[in-house]
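**Q** Mind having a look at this structure? Questions to follow.
The values are calculated or read from the model by the stated rules, or taken from the named source; none is laboratory data. This one's a predicted model, so the numbers in the text were calculated from it and none came from an experiment. Glycine gets a Cβ as well: all are built from the backbone with ideal geometry, and neighbour counts include every protein chain shown. Calculation scope for accessible area: heavy atoms of the full protein, side chains included, ligands and nucleic acids excluded. Shrake-Rupley method; radii C 1.70, N 1.55, O 1.52, S 1.80 Å.
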Amino acid sequence: MRRYELLERITWTGACLKEAGSTAAPTTLQDRSMQDIIARNGLETPEPLKAEVKGSVPPWLQGTLVRNGPGLFSVGNSEYNHWFDGLSLIHSFTFHNGEVTYRSKYLKSETYKSNTKADRIVVSEFGTMVYPDPCKNIFARTMTHFRNIVPNFTDNNLINIIRYGQDYYASSEVNYINQIDPLTLETVGRANYRNHIALNLATAHPHYDKDGNTFNMGTAIIGLGRPKYIIFKVPANASDKDPKKPALRKVQQICSVPFRSTLYPSYFHSFGMTENYIVFVEQPFKLDIVKLATAYFRGVNWGSCLKFDEKDSTFFHVINIKTGKAKSLHYHADALVVFHHINAYEEDDHVVFDIIAYKDSNLYDMFYLHNMTKETDNFIQTNKVFSPPVCQRFVLPLNVQKDSPKGTNLVTLTDTTAQAVMQDDGSIYCKPDTIFEGMELPGINYNFNARKYRYFYGSRLEWSPHPNKIAKVDIVTKTHVEWRQENCYPSEPVFVASPGAEEEDDGVILSSVVSSDPSVSPFLLILNAKTFEEVGRASIPVPVHIDLHGLFIPAKS
C-alpha cells in the first residue's frame, strides 16, 4: 500500500516549503521545462556511460552512489495520479581513479512486470487505485475485489537502497523488498519480510552500527497476532553465497511496542538510534485500519487512510537495544508530524534526538502530479497553508526521580534550550529547541551516527515544487551555507568521508543535479563538505530522473 511511503514519497522531488524571507522566481518557461522533467517517463541506460568531468574527482573517492526514485509515470494509456506512485528507476554513479560512469535500470519488480505485460497499470499504488479490467469475466473480477479486502501491497520499491548483511535491496515501506546488484543494477529477486518476521510494513530508513549490523522498525497490523510495532536486527554476517538464502533468514526481533490505539497505528517513516537506545516517535499521524480495509470498495486510494489528529499528543518511546525493554517514563509533546530523523545520541544521562517536524500532515497532497506540474505562481498560491519543515531538538532525561518537583525542567544540559518538564501525573512534557527552519532530506557524516555531532546537510526549501539548493547547517552556531545554480535542482546530499578523516566535515558532498535549462546536461555534483565549494562535476550525456534517496557503497579494497 505504500501507505508508509509517505515522505520518501514525501521527500523531495521537490520541496515546496518557504525559506524564511525568500521569494519564488522561476519563469514560466522554466516551469514548463521542469513540468516536462517531472512528468516524463525516465529512460534506462543499462550500459555504463563515461561522464565528462570538469574540475576534479578526489582520487580517494572510490565506490558507487546508488540512487532510487520514481521514474515511470504512465504505462500504455494509463497514468499514475501521484509522484510517489511512479515505478522505481534506479541509477548509479561509479567513481574509479578520478573517472565517473553512469547507468540506470528500472527495478524489475513483480509490479513492473505485471504492468508492462498488460501495457497498462494493473497494480494499485499509494495514490492510484486500480480496478479490474471490465473485459475480464465475472469470476476474475469478483476474486480481484475479494483480494482487496486485505490489500496485497505493491512491491514497487522506489524509496531507498538499504543493506542487510552484504546484500543490497531497493526498499519502500511495504512487506516486500527487491534485492539488486549495486554494480549492474540488475534485479536479483524479491524477499518478503513476512516469511521471516511478523511484519506488514517496514521503514526504508534503517540504521547501521559500527559492526555492520542493520536495525530497522516495522508494523504488524493484520493477521499476525496483536497489532504492534516491531524493532528488529539483521546481523552483519547474515548473507549467504546461495541467493536462495536471503539475509532476512537471520533476522532477530529485539522487542515489540503495542499500539496506543488498536485501530489507529501511528505512521512512521524513520526512527532514531543512539549507542544504547532506539528512539521511536509515536505521532498523531495515523493509519485508519478500517478505512484501509474498505478503501478499494469506497473508491479511494490508500493515501486517504492516513489522518493527522491535531488534538492528540506525540509520545516518545526509548527502548534499550540490548534488553529490548522500554523506559517506563512517559515522555510526550505537542502534536507534530515527522518523517525524517537527523541524528540521536546520549549525553550525561540524557537522550538527545533531532528531527524534521511539521505542524500538519498536508505535504502528501502537494505531490499529486497535477499539483507538481503547476506553474510556480499557481503552486505558491495553492500551497500557502502548508507548514514549513523545522529542525527540532528534543532532550529526554533518563534518570528521573519520582519525587522530582512538579513543573521543574529536568534537562540539565547547557547547550540547548530544550525542556522536559515533570507533570502532576508523573509524565514528562517535552518542549523542543529549534535548530533551523526550512530544511529537509537531512544527512550526516554517518561515522557520527549515534554520536554527538555538529553538522548536517539537506535540501534547502523555498516556495517551489522543486528543491533548488542544498545546504550545510552548523548546529552549534545555527548558521548555514548553501550551494545553488540557476535553473538547477539537486537531489538529497550524501556525505562521503575522506580516508582517515578525524574532523566531522572532512569529506565531500555528492548530489545528482538536473536542470530546466536545455543547455545544461544533468551532472553529479561534488562539493568540499568543509567549505561547501565545488570540487568538480561529472556531466551525464543522457536524461537523468529526479530521485529520492540512496546509498554510497565504498569499493572493496
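**Q** If you scan region 310-324, which residues turn out to be assigned to a loop (DSSP other than H, G, I, E, B) and within 15 Å of residue 230 (Cβ to Cβ)?
**A** So in region 310-324, the residues assigned to a loop (DSSP other than H, G, I, E, B) come out as 310-313, 321-324.
The answer is 321, 324.
**Q** Quick one: which of 89, 72 is under 30 Å from residue 373 (Cα atoms), open to solvent by less than 40 Å² (accessible area, probe 1.4 Å) and under 17 Å from the mean Cα position of the chain (by Cα)? Quick ask: steps written out before the conclusion?
**A** On the way: 72 fails: under 17 Å from the mean Cα position of the chain (by Cα).
Within the list 89, 72, the selection yields 89.
**Q** Among all residue pairs at least 6 apart or on different chains, which show Cβ distances below 6 Å where the first residue, located in region 403-431, is closer than 23 Å to residue 345 by Cα and the second is open to solvent by 80 Å² or more (accessible area, probe 1.4 Å)?
**A** 419/431; 422/406; 427/330
**Q** Identify all residues within region 410-431 that are part of a loop (DSSP other than H, G, I, E, B) and among the β-branched types (Val, Ile, Thr); write none if there are none. Outline the logic, then answer.
**A** Of the residues in region 410-431, the ones part of a loop (DSSP other than H, G, I, E, B) are 410-418, 423-427.
Once the filter is applied, which keeps residues that are part of a loop (DSSP other than H, G, I, E, B) and among the β-branched types (Val, Ile, Thr), region 410-431 yields 411, 412, 414, 416, 417.
**Q** Among the residues of region 42-51, is any part of a loop (DSSP other than H, G, I, E, B) and modelled with pLDDT under 95?
**A** First, the residues of region 42-51 that are part of a loop (DSSP other than H, G, I, E, B): 42-44, 51.
This time we only want the ones that are modelled with pLDDT under 95, so: 42-43.
Yes, that holds for at least one residue.
**Q** I'm trying to understand the selection: among the residues of region 325-349, which are surrounded by 21 or more Cβ atoms within 10 Å (Cβ to Cβ) and either of a type in the set (S, T, N, Q) or over 26 Å from residue 253 (Cβ atoms) (or both)? Working first, answer last.
**A** Of the residues in region 325-349, the ones surrounded by 21 or more Cβ atoms within 10 Å (Cβ to Cβ) are 331, 336-344.
Matches in region 325-349: 336, 337, 342, 343.
**Q** Can you name the number of the only condition in (1) in contact (Cβ under 8 Å) with a residue 24 or more places away in the chain; (2) over 20 Å from the mean Cα position of the chain (by Cα) that residue 205 fails?
**A** Among (1) in contact (Cβ under 8 Å) with a residue 24 or more places away in the chain; (2) over 20 Å from the mean Cα position of the chain (by Cα), residue 205 violates only (2).
**Q** Would it be correct to say that residue 487 is surrounded by fewer than 22 Cβ atoms within 10 Å (Cβ to Cβ) and free of Cβ contacts under 8 Å to residues at least 60 places away in the same chain? Spell out how you get there, then give the answer.
**A** Values: surrounded by fewer than 22 Cβ atoms within 10 Å (Cβ to Cβ): yes; free of Cβ contacts under 8 Å to residues at least 60 places away in the same chain: no.
Judged against the criteria, residue 487 is not a match.
**Q** Please go through region 169-191 and give me each residue that is of a type outside the set (S, T, N, Q), open to solvent by less than 10 Å² (accessible area, probe 1.4 Å) and under 19 Å from the mean Cα position of the chain (by Cα), ordered by number.
**A** Those that are of a type outside the set (S, T, N, Q), open to solvent by less than 10 Å² (accessible area, probe 1.4 Å) and under 19 Å from the mean Cα position of the chain (by Cα): 169, 170, 173, 174, 177, 180.
**Q** Residue 246 - would you say it is open to solvent by 60 Å² or more (accessible area, probe 1.4 Å), touching a residue at least 24 places away in the same chain (Cβ under 8 Å) and more than 23 Å from the chain's Cα centre (by Cα)? Don't jump to the end; show me each part of the working.
**A** Numbers: open to solvent by 60 Å² or more (accessible area, probe 1.4 Å): no; touching a residue at least 24 places away in the same chain (Cβ under 8 Å): yes; more than 23 Å from the chain's Cα centre (by Cα): yes.
Spelling it out, it is not the case that residue 246 is open to solvent by 60 Å² or more (accessible area, probe 1.4 Å), touching a residue at least 24 places away in the same chain (Cβ under 8 Å) and more than 23 Å from the chain's Cα centre (by Cα).
**Q** Quick one: would you say residue 312 is open to solvent by 30 Å² or more (accessible area, probe 1.4 Å) and touching a Pro at 6+ places or on another chain (Cβ under 6 Å)?
**A** Details: open to solvent by 30 Å² or more (accessible area, probe 1.4 Å): yes; touching a Pro at 6+ places or on another chain (Cβ under 6 Å): yes.
The answer is yes for residue 312.
**Q** So how many residues does region 350-367 have that are open to solvent by 10 Å² or more (accessible area, probe 1.4 Å) and either of a type in the set (D, E, K, R) or in contact with a helix residue (DSSP H, G or I) (Cβ under 7 Å, 6 or more places away or on another chain) (or both)?
**A** At the first step, the residues of region 350-367 found to be open to solvent by 10 Å² or more (accessible area, probe 1.4 Å) are 359-362, 364-365.
Adding the requirement that they be either of a type in the set (D, E, K, R) or in contact with a helix residue (DSSP H, G or I) (Cβ under 7 Å, 6 or more places away or on another chain) (or both) leaves 359-360, 364-365.
The total comes to 4.
**Q** Select from region 252-277 the residues that are among the β-branched types (Val, Ile, Thr) and open to solvent by less than 30 Å² (accessible area, probe 1.4 Å) and write down the one among them that is farthest from the chain's Cα centre (by Cα). I'd like the intermediate steps shown before the answer.
**A** Kept after step one, since they are among the β-branched types (Val, Ile, Thr), are these residues of region 252-277: 254, 257, 262, 274.
Right, trim to open to solvent by less than 30 Å² (accessible area, probe 1.4 Å) and you get 257, 274.
On the way: 257: 22, 274: 19 Å.
The selected residue is 257.
**Q** Does residue 281 fit the bill of being under 25 Å from residue 398 (Cα atoms), at pLDDT 95 or above and among the aliphatic types (A, V, I, L, M)?
**A** Details: under 25 Å from residue 398 (Cα atoms): yes; at pLDDT 95 or above: yes; among the aliphatic types (A, V, I, L, M): yes.
Here the answer is yes, as residue 281 does meet what is asked.
**Q** When the residues of region 545-557 are narrowed to those that are at pLDDT below 95 and over 20 Å from the mean Cα position of the chain (by Cα), which ends up surrounded by the fewest Cβ atoms within 10 Å (Cβ to Cβ)?
**A** Only one residue fits best here, namely 557.
**Q** Restricting the search to region 385-416, which residues are open to solvent by 60 Å² or more (accessible area, probe 1.4 Å), more than 23 Å from residue 279 (Cα to Cα) and modelled with pLDDT under 90?
**A** Within region 385-416, 385, 403, 405 qualify.
**Q** Output the residue which, of all residues in region 192-210 that are part of a loop (DSSP other than H, G, I, E, B) and charged (D, E, K, R), is surrounded by the fewest Cβ atoms within 10 Å (Cβ to Cβ). Walk me through how you get there before you give the answer.
**A** Of all residues in region 192-210, those part of a loop (DSSP other than H, G, I, E, B) come to 196-200, 203-206, 209-210.
From the residues that got through so far, the ones that are charged (D, E, K, R) too are 209-210.
On the way: 209: 15, 210: 10.
Residue satisfying both the conditions and the ranking: 210.
**Q** If I go through region 151-166 residue by residue, how many of them are of a type outside the set (Phe, Trp, Tyr), part of a strand (DSSP E or B) and either in contact with a Lys or Arg (Cβ under 7 Å, 6 or more places away or on another chain) or surrounded by 23 or more Cβ atoms within 10 Å (Cβ to Cβ) (or both)? Let's see the steps before the verdict.
**A** Pass one, region 151-166, residues of a type outside the set (Phe, Trp, Tyr): 151-152, 154-163, 165-166.
Restricting the remaining residues to those that are part of a strand (DSSP E or B) gives 160-163.
From what is left, the residues that are either in contact with a Lys or Arg (Cβ under 7 Å, 6 or more places away or on another chain) or surrounded by 23 or more Cβ atoms within 10 Å (Cβ to Cβ) (or both) are 160-162.
Looking only at that region, the number is 3.
**Q** Further question on the same structure: Taking region 432-485, which residues are part of a loop (DSSP other than H, G, I, E, B) and under 27 Å from residue 315 (Cα atoms)?
**A** Filtering region 432-485 for residues part of a loop (DSSP other than H, G, I, E, B) gives 432, 438, 444-445, 449-454, 461-468, 475-478, 485.
432, 438, 444, 449, 450, 451, 452, 453, 454, 475, 476, 478, listed by residue number.
**Q** Considering 506, 517, which residue is more than 24 Å from residue 166 (Cα to Cα), at pLDDT below 95 and either in contact with a Pro (Cβ under 6 Å, 6 or more places away or on another chain) or open to solvent by 20 Å² or more (accessible area, probe 1.4 Å) (or both)?
**A** 517
**Q** Run residue 492 past the list (1) within 26 Å of residue 308 (Cβ to Cβ); (2) touching a residue at least 24 places away in the same chain (Cβ under 8 Å); (3) surrounded by fewer than 21 Cβ atoms within 10 Å (Cβ to Cβ) and report the number of the one that doesn't hold.
**A** The single condition residue 492 does not satisfy is (3).
**Q** Continuing with this model, one more query. Does region 281-290 contain at least one residue that is of a type in the set (A, V, I, L, M, F, W, C), closer than 25 Å to residue 171 by Cα and open to solvent by 10 Å² or more (accessible area, probe 1.4 Å)?
**A** Taking region 281-290 as the starting set, the residues that turn out to be of a type in the set (A, V, I, L, M, F, W, C) are 281, 285, 287, 289-290.
Restricting the remaining residues to those that are closer than 25 Å to residue 171 by Cα gives 281, 285, 287, 289.
In the following step, the residues that additionally are open to solvent by 10 Å² or more (accessible area, probe 1.4 Å) were identified as 289.
Yes, some residue in region 281-290 is of a type in the set (A, V, I, L, M, F, W, C), closer than 25 Å to residue 171 by Cα and open to solvent by 10 Å² or more (accessible area, probe 1.4 Å).
**Q** Can I ask one more? Filter region 211-236 for residues that are in a loop (DSSP other than H, G, I, E, B) and modelled with pLDDT of 95 or more; which is most open to solvent (accessible area, probe 1.4 Å)? Show your work before the answer.
**A** So in region 211-236, the residues in a loop (DSSP other than H, G, I, E, B) come out as 211-213, 221-227, 235-236.
Checking which are modelled with pLDDT of 95 or more leaves us with 211-213, 235-236.
On the way: 211: 105, 212: 14, 213: 21, 235: 14, 236: 29 Å².
Only one residue fits best here, namely 211.
**Q** Checking residue 482 against (1) within 19 Å of the chain's Cα centre (by Cα); (2) surrounded by fewer than 20 Cβ atoms within 10 Å (Cβ to Cβ); (3) of a type outside the set (Gly, Ala, Ser), which test does it fail?
**A** (1)
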